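Report on the structure given below.
Just so you know, all these numbers are worked out from the coordinates, no wet-lab data involved. Note that the structure is predicted; figures quoted are calculated from it, not measured. Cβ placement follows ideal geometry from the backbone for every residue including glycine, while neighbour counts extend to all protein chains displayed.
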Amino acid sequence: MPVITLPDRTEKQFDTPISVIQIAASIGPGLSKAALAGRVDGVLVDTSHIIERDSQVAIITGKDEEGLEIIRHSCAHLMAQAVQQLFPSAQVTIGPVIEDGFYYDFAFERAFTPEDLQTIEKRMQEIARQDIKVERSLMSRSEAIALFESMGEKYKVKILEAIPRDEALSFYKQGDFIDLCRGPHIPDTGKSGAFKLTRVAGAYWRGDSNNEMLQRIYGTAWADKKSLKQYLHRLEEAGKRDHRKLGKKFNLFHTQEEAPGMVFWHPKGWCLWQTIEQYIREVQNANGYQEIKTPQLVDMSLWEQSGHVDKFNDDMFSVTTDNRVYAIKPMNCPCHVQVFNQGLKSYRDLPLRLAEFGACHRDEPSGTLQGIMRVRGFVQDDAHIFCEESQIQDEVVTFIDLLTQVYRDFGFDEIIIKLSTRPANRVGSDAVWDKAEASLQQALDTKQLEWELCPGEGAFYGPKIDFSLKDCLGRVWQCGTMQVDFSMPGRLDAQYIAEDGSRQIPVMLHRAMLGSFERFIGVLIEHYAGDFPPWLAPVQAVVLNITDNQAEYSRDVTRTLTNMGFRVESDLRNEKIGFKVRQHTIQKVPYMLVLGDREMEEGKVSVRARSGDDLGTLLLDDFATLLAKNIKKRGRNA
């Protein structure tokens, strides 16, 4: 007679073993209808799962994050079933859930077209309306291999052959479709929610460019039509804000095949970069950081000693000269330890904060490169804090305050925090990891911040706090990080003289606020749609003459404002003033200063904002005061 404890601590006792769906029905018919799965003692299970002992049970619906993931996984199966019904020779391979949706890779003799996607989506809807029961079953590996061989599914056979022999295999069947899957899944196809197929792309089998090319069909799925409609609207807005399109429109940067994963910065883009770099430099200098610069090429032996070769060898570029192998720096931390090691340090020198705008290179797969969001050559606002164990709390708390200030200056007020703990593949003892994880958690709790635990997702050398910001479309971007490292300093022979005269190994805190400059600028471009607040705008004001009669006065105004430290250009073309105003409004210049004969005679400027507002005629010093005031606000309330 199992006793079931519900999330509100209500207890229900049953005379016989009971299924999750029966528990839902005992609570109410509405919950029974909405139930997609259950969480039994922390484990997600199907609604058909039978409970035989006392357990804690929660009913999962489409309102839950886990429920949404189950809908998306089930929609991947729904899509695969529709594809095989329409195109019987297509073979299914792998189909996981991804952020906001799902995909499935198919082997098929021709390319899928946009029309095919419409047809597949229509068939998915037909299958969903049939309310086909989704059934879970178990099968031995040999039975499963025999089944999929008989079906001609060679990719499924390859997947099965790679699974250990003694591993239990579960399968999900709906009508004429069956697939290997851990589950759980929705109880029937009628609970597939609202879905839409979005695009098709190429993908190598197992992500290896040496393997055959497959076709990946992407889709999105939501609990209801309203949520789907909202997502598609966000997707449309995101398309308009694509940093690659806007980078070209505003002449900020470009990429090209001759340098894959590298960025060519144009004057306006580099101006934006330099503005951000100088701001971060000022913030760091004001908070006790010392800026350094370390080499791009470092002997591979250092990366072996630090442990990076074991973890990142496939991602590292290397060159050979004089019979020595050098790594092109993939990260900055081992080099910062080398700076720390120069000259014996005392406990009085700690904490020592070393910062670098460090250029790094990683051999990212070509298929993952995306504009300036995912690149092979990038610069980090990297810093490493060498401290005593007793100083960790203060340093982490201080960093959180600093990070919050920086994000707000860029116009981001909502920060999402995740604490990632020890992964399976790691260096250092459990005792060391216990201390490191506890120190980060205590710092977060000291600040009374909301945070999410991510077990097993820490770096190989230590746990970390990741800081993500939310943009104007509600998209989440992971940028900042704080990582506690008890291992690398010792591996690289870092020491200091403690107060008692003994030699001790410092703790190393890895931290970044923006992460990659390239990626952060991409986020800014899409967040503001190029409509940067004045402090970031590559051109803060443009001076426009009405006729050639005001050309010299326009040059004087431009020169005066430039000498005040503002970024100002003049447009003296022989064009109508309305045309010039429209052009610079499209280019998102914050202010346009229109000069006619009256402005010239009075020594004033007529000010128009890019929003279309006419700010009237001002003395040049008054405009300079207005611009300086808005620059000082940075991105706050932009």
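Kirkwood radius and radius of gyration were both taken over the C-alpha atoms of segment 548-625, and their ratio Rg/Rh is 0.92. Put a dot 7 Å past the Cα of K632, heading toward its Cβ, do the same for D434, and the two dots end up 5.3 nm apart.
Ordered by the count of other Cβ atoms within 10 Å of each Cβ, fewest first, R72, R555 give R555, R72.
Each stretch of four or more DSSP H residues adds -39500 (n - 2.57); spread over every residue of the chain, this sum gives -11000 deg cm²/dmol at 222 nm.
Legend: Rg and Dmax of segment 349-484, from Cα coordinates, 15.9, 46 Å.
Cβ crowding within 10 Å, taken as a proxy for footprinting-reagent exposure, orders C333, C360, C75 from fewest neighbours to most as C360, C333, C75. Tell me the angle of helix 114-129 to the major Cα principal axis of the chain, expressed in degrees between 0 and 90 and rounded to the nearest ten. Orientation of helix 114-129: about 50 degrees from the principal axis. Working from label points 7 Å from Cα in the Cα-to-Cβ sense, the D8 to V309 distance is 6.1 nm. In a reduced charge model with +1 at each Lys and Arg Cβ and -1 at each Asp and Glu Cβ, the chain shows a dipole moment near 1480 debye about its Cα centre. When the Cα positions of H308, H336, F106 are compared along the charge dipole of the chain, F106 comes out farthest toward the positive end, with charges on each C-beta of Lys, Arg, Asp and Glu. Set Lys and Arg Cβ to +1 and Asp and Glu Cβ to -1, take the dipole of segment 541-632 about its Cα centre, and tell me which of S554, V594, A609 lies farthest positive. Among S554, V594, A609, the one farthest towards the positive end of the dipole of segment 541-632 is A609. According to the calculation over all Cα-Cα pairs in segment 253-525, the P(r) per 5 Å bin from zero is 1, 5, 12, 16, 19, 18, 15, 9, 4, 1, 0, 0 %.
Available extension along the chain between E258 and T275 is 3.3 nm, counting 0.36 nm per residue and deducting the alpha carbon span.
Angle of helix 141-150 to the longest C-alpha principal axis of the chain, folded into 0 to 90 degrees and rounded to 10: 80°. Label positions at S366 and E135, each projected 7 Å from the Cα along the C-beta direction, are separated by 4.7 nm. Computed about its Cα centre, the charge dipole of segment 202-244 is approximately 260 debye, with only Lys, Arg, Asp and Glu carrying charge at their Cβ. For a modelled paramagnetic label at A551, 7 Å from Cα along Cα-to-Cβ, the residues of segment 592-617 in reach, with backbone nitrogen under 20 Å, are 593-601.
Relative to the longest principal axis of the Cα atoms of the chain, helix 267-286 runs at roughly 90 degrees.
Counting 0.36 nm for each residue step from A162 to N425 and taking away their Cα separation leaves a gain of 92.6 nm. Pairs over the 25 Å Cα-Cα cut-off, from the set K63/K229; K33/K63; K156/K226; K229/K470; K133/K229; K418/K633: K156/K226; K133/K229; K418/K633. The residue among A359, A438, C387 whose Cα reaches farthest toward the positive pole of the charge dipole of segment 253-525, with charges on the beta-carbon of Lys, Arg, Asp and Glu, is A359. Note on A238 and R348: with the Förster distance fixed at 41 Å, the Cβ-Cβ geometry gives a FRET efficiency of about 0.20. Extension gain, E575-T562: 0.36 nm per intervening residue step, less the Cα-Cα distance, totals 2.3 nm. Computed from the Cβ-Cβ distance with R0 of 35 Å, the FRET efficiency linking R182 to K245 stands at 0.35.
What's the longest uninterrupted piece of the chain once you rule out the GluC sites (Glu not before Pro) that are loop residues per DSSP with at most 14 other Cβ within 10 Å?
In short, 259-413.
Given +1 at the Cβ of Lys and Arg, -1 at the Cβ of Asp and Glu and no other charges, the dipole of segment 66-233 around its Cα centre is 360 debye to the nearest 20.
In summary, the chain shows an alpha-carbon radius of gyration equal to 1.16 times the 2.2 N^0.38 Å reference for compact globular proteins. Shown for T10, T446: other C-beta atoms within 10 Å of each C-beta, ranked fewest to most, produce the order T10, T446.
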